[in-house]
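The values are calculated or read from the model by the stated rules, or taken from the named source; none is laboratory data. Remember, it's a predicted structure, so these values are computed and weren't measured experimentally. Cβ placement follows ideal geometry from the backbone for every residue including glycine, while neighbour counts extend to all protein chains displayed. These area figures cover heavy atoms from the full protein model, side chains too; ligands, DNA and RNA do not enter into them. Shrake-Rupley method; radii C 1.70, N 1.55, O 1.52, S 1.80 Å.
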Amino acid sequence: MIKIRMNDREFEVEPGLTVIQAADRVGIYIPRFCYLEKLSPLGGCRMCLISLKGIGKLQTACTTPVREDMVVITESEEIRKARRAMLEFQLLNHPLDCFYCDKATECDLQNLTYEFGDIRRRHDFPRRKGIILYENPLIERNLERCVHCERCIRACKEIQGAHALSATRRGRRTEVREVPGGGECEHCGHCIDVCPVGANLDRLFTYGGRPAQMEKGKTICAYCGCGCTLTMNTRGGKIMRVRGGTDEGVNRGSLCARGRFGWGMVHHPDRLTRPRIKKQGKLVEVDWDEALLFTATRLQKIIKEKGGAAVGGLGSARASDEANYLFQRFMRRVIGSNHIDSSARLHYTAGLIGRLSLKTEAREAALEDVRNASKVLIIGADPVETNPILGLAVKKMLWKGGIAVLADPRITRTGRIATRHIRIRPGAEVPLILGLGLEILKEPSLFRFSREEVMRICGILSPEMDEILSVLTGPETQKSVVLMGRGVLQAPFGATAVSVLLRAAAKAGASYLFTMDHNNERGSCEMGALPDRLPGLVPLSERERFEKVWGDRIPAEPGLSAYDMLHAAKEGTLNALYIMGENPMFDFPDTKFVEEGLNSLQFLVVQDLFMTRTASMADVVLPAASFAEKSGTFTNLEGSVQSFAPLISPPGDAMPDSRIIVELSRKMGKGFPFKSLSEVRDEIHALVPVQGWKRKIPVDGMDLPYPGADVKWGPADDPEFPFLLLVNSSLYRNGSMSNLAAGLVRGQDKAGVFLNPLDAEELKIEEGDKIILTSRHGEIHAEAGLCHSLSRGTIQMPEGFVNAGPKGLLSHDLDPVTRTPMGRYVQAKIRKL
């Protein structure tokens, strides 16, 4: 610590701070426009002028570092006169439209003008013309209000790494614009949050109300696995806008397009408001009592005739921890079935199985570890689009001088920012990891994956292999982080690869993290929404203590996974399915197979917010509350258990998932004793120990099989389907509900299929043409796009868009260990429509 004197008071502050930082820490306010703690200093607005003993001219507090025995004056007549002059210059051009500006009462210029009193106009310069730009579908840019602080430019560059904004022209004619040919706006909204005036505005909120008219509350984002803290402004029971807050939550105040602009589905007119029962082939609205009684009666009839094993359930990777806990308790205790799974089977279960197979726990990273890493190895993942705030952590690491090595066959946003993008062949992620394991662990079981063999399979050279290895074998490996995504987790022997890579990382002292598509994939698994694991990921063999708490026996045999349940439905051994918050007809690979399985059921119950494609096939549809309308906890990708509370009321008669399950249990004669959600949490905490901010999950050292010499890696040649389709994520979609968020539809309204221009020329296809894409599993219509970076014979498209979803083209071939569908690529053919 060093001693400084500020306004005749002595303080001790940290060395390396600027004067304005030191002043903020000791509670002395210095006015500012351009300064923001998380941005590099600019010293452009001159509002933070201060006086230093021994220096004749006033200095900018945001660029002046503190030093031992420094004497600072932050308030004097000279300083006040200079600041008043700066305000006068700002008001020469700034319009006096506070009475309808959305920033009113939150505007730094308005507040400082009020503080300094009457600011007289002594100059006769002509005002700037009132230019308002609507080129961005989600952000309004009012150039007349701009104070040229460049916060938005710096935030776009230094935090988001998008480089979409730039200052054009000079002097008082300076304009901040999105520059054609520059970076691409990712609609994160940082420019809205950091703007000290009303120059950058949320177009979904414009003229939505004054801050004093709105209530503020915090919740957790319900899209991807990052678990970002959202600050919601509501008015009259409606969400008006979403903001990131000030350095709050795992996201540190940052948001992606989905978090900031994806809330519109909450108020969509198609929300389900009353239960529905299928009568004479049509779903008709009924009251809750009739719907629950009908559901209970049908389920009891099937259980009586066929047994509990004839009923299956899909929990939800989007529902709360408490809802998933109650759901699996309902299935095991009330129904008497272990047939329980969720969409986490698609994206996370292989990683979980690989982790559980360890004999000693490997070190799991948090987002803060990624930000502070020296090197990051990313295999089969696109964190910038799948988990954008994790992507920001990687960008922060790069901004601080770190290195990111990406091994992935696709063209992705992560590939654009990576220090090195090594384009391995599709399906080569697992052999690459096993080869890394051989070089680091030297285990005999990996000898088949020699360096030469792995390079042949991956299509890479020795220097590229060295670059990948350097993350785990070079200096400072304790500051290295390994990120894995669906390229590994949806691959054959994915769990084995995870186990090997975690052991290799542990030996190197590095940490690991999985990308996760949905907000509560980890939580749903930890709450026991699995066919062979109880809450806390306890094996079924240790079910006795759960039976004592629940007061009933739990089936001893493991149940079926999601796709195995669909197979059983087609074979007639599974007669009923209860789906909570999942839409398999949209999210699961091989849509035709999923449809056949659901149509084979005698009874289907769907609990959701909308009449999804899956819900439209149901016999009973139960309307659920959204994340903004209920309380509970979500568990994010780093294991943080985060609570949220309701900010608005559900529409009509919709109810939270947890309450629906409790009410249904009572109708079935085995009612749960819970009177409140806090009692559910108490039971969870009694059964699942918590260590710090995450649950304590044991490892059990299970043996996993290694691939044999007969395994073929990557796609097989198919002359009838000559193109290889690769599937990637999108910043603007995450599940079917994101298609009902007006803001995300504005950001990107539809998806296209991208192909190499030479392939397009050969097929006589031009950009924007309608095409038909066909595989052995289905057919979709889409628009063609051109991408020079794609290899010939390779095509790529994002998932999640309702206009063209690749899931219908993919296979549902299952990994024999994890029962995960291996659907990240497929052979296809193209023809012009």
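By DSSP, what percent of the beta bridges with both residues in the chain are antiparallel, rounded to the nearest 5?
Working: 62 of 108 bridges.
Roughly 55 percent of the beta bridges in the chain run antiparallel, per DSSP.
Hey, with R₀ at 56 Å, roughly what FRET efficiency would Leu293 and Ser76 work out to, going by the Cβ-Cβ distance, to 0.05? Intermediate values should be presented prior to the final figure.
Values: r = 78 Å, r/R0 = 1.39.
Efficiency, rounded to the nearest 0.05: 0.10.
Under the criterion of Cα pairs below 8 Å and six or more residues apart, the relative contact order for segment 723-832 equals 38 percent.
Place a label point 7 angstrom from the Cα of His781 along the Cα-to-Cβ direction, then list the residues of segment 746-771 whose backbone nitrogen is under 11 Å away. Only 770-771 fall inside the zone, counting backbone N under 11 Å.
Take the Cα gyration tensor of segment 409-454, multiply each eigenvalue by 5, square-root it, and list the three semi-axes largest first, rounded to whole angstrom. Show your work: numbers first, answer last.
Working: eigenvalues 129, 24, 11 Å².
For segment 409-454, the semi-axes come out at 25, 11, 7 Å.
Each of Ile159, Pro180, Cys256 was placed along the dipole of segment 128-267 (beta-carbon charges, centred on the mean Cα), and the one lying farthest toward the positive end is Pro180.
The listed peptides 559-569, 764-774, 747-757, ordered by packing as a protection proxy, come out as 559-569, 747-757, 764-774 (highest mean of other Cβ atoms within 10 Å first). In segment 2-75, taking the dipole from charged Cβ atoms about the Cα centre, the farthest positive-side position among Ala23, Ala61, Val72 is held by Ala61. A 1.4 Å probe run over the chain, with the rest of the protein chains in place, finds 39 Å² accessible per residue. With the simple spin-label model, which puts each label point 7 Å out from Cα in the Cβ direction, the Arg169 to Lys129 separation comes to 0.9 nm.
Each residue of segment 257-270 was assigned a 3J(HN,Hα) from its phi angle through the Karplus curve 6.51 cos²θ - 1.76 cosθ + 1.60 (θ = phi - 60°); the sequence is 4, 5, x, 7, 10, x, 7, x, 5, 4, 10, 5, x, 8 Hz, with glycine and proline shown as x.
In whole percent, and with a 1.4 Å probe on the protein chains, what portion of the accessible area of the chain is carbon and sulfur? About 51 percent, which is the carbon plus sulfur part of the accessible surface. Residues whose amide H comes within less than 5 Å of that of Phe449, counting only those at least five positions distant or on another chain, are absent (H built at 1.01 Å from N in the peptide plane). Legend: helices of the chain (whole DSSP H runs) are marked when their alpha-carbon atoms reach 18 angstrom or more along the helix axis and their mean Kyte-Doolittle hydropathy is at least 0.5; marked are 494-508.
Less than 5 angstrom separates the built amide H of Leu133 from those of Arg141, Asn142, Leu143, all sequence-distant by 5 or more or on a different chain. Placing +1 on each Lys and Arg Cβ and -1 on each Asp and Glu Cβ, with no other charges, gives segment 2-75 a dipole about its Cα centre of roughly 260 debye. When each of the peptides 682-695, 819-832 is scored by how many other beta carbons lie within 10 Å of its residues on average, the order from highest to lowest is 819-832, 682-695. For segment 823-833, backbone phi angles converted through the Karplus equation (6.51, -1.76, 1.60; θ = phi - 60°) give residue-by-residue couplings of x, 10, 7, 7, 6, 8, 10, 10, 9, 6, 7 Hz, Gly and Pro being listed as x.
Multiplying the residue separation of Gln59 and Ala716 by 0.36 nm and removing their Cα-Cα distance gives an extension gain of 229.7 nm.
By per-residue mean of other Cβ atoms within 10 Å, what is the highest-first order of 43-52, 662-671?
Values: 43-52: 21.1, 662-671: 17.5.
Descending packing order for the listed peptides: 43-52, 662-671.
Annotation: amide H-H contacts under 5 Å for Ala624 (H modelled 1.01 Å from N, sequence separation of 5 or more, or interchain): Asp608, Leu609, Met655. The GluC sites (Glu not before Pro) of segment 87-189 that meet both conditions, a loop assignment by DSSP and at most 12 other Cβ atoms within 10 Å of the site Cβ, are Glu135, Glu184. Could you list the residues of segment 258-285 with an amide nitrogen less than 20 Å from a label point located 7 Å from the Cα of Ser649 in the Cα-to-C-beta direction? Counting backbone N atoms under 20 Å from the label point, the list is 266-275.
Full extension of the segment from Leu91 to Asp69, taken as 0.36 nm per residue of separation minus the current Cα-Cα distance, would add 4.2 nm.
Values (i) 104, 71, 53; (ii) 90, 66, 59; (iii) 130, 72, 62 are given for comparison; Cα extents along the principal axes in Å, derived from the coordinates here, is the one labelled (ii). Taking Cα centre as origin and charging only the Cβ of basic (Lys, Arg, +1) and acidic (Asp, Glu, -1) residues, the dipole magnitude of segment 723-832 rounds to 240 debye. Karplus-based coupling profile of segment 747-762, in residue order and whole Hz: x, 7, 8, 7, 9, x, 9, 9, 9, 5, x, 5, 5, 4, 5, 5, with θ = phi - 60° in 6.51 cos²θ - 1.76 cosθ + 1.60 and x standing for Gly or Pro.
Taking label points 7 Å from Cα along the Cα-to-Cβ direction, Glu106 and Glu12 give a separation of 3.9 nm.
Sequence-distant contacts, meaning Cα pairs under 8 Å at least 6 residues apart, place the relative contact order of the chain at 13 percent.
Label zone (Lys359, point 7 Å along Cα-to-C-beta; backbone nitrogen cut-off 20 Å) within segment 474-504: 495-504.
For the pair Glu37 and Gln300, the difference between a 0.36 nm per residue extended length and the Cα-Cα distance amounts to 88.6 nm. Basic side chains Lys and Arg get +1 at the Cβ, acidic Asp and Glu get -1 at the Cβ, and with that the dipole of segment 498-549 about its Cα centre reaches some 240 debye.
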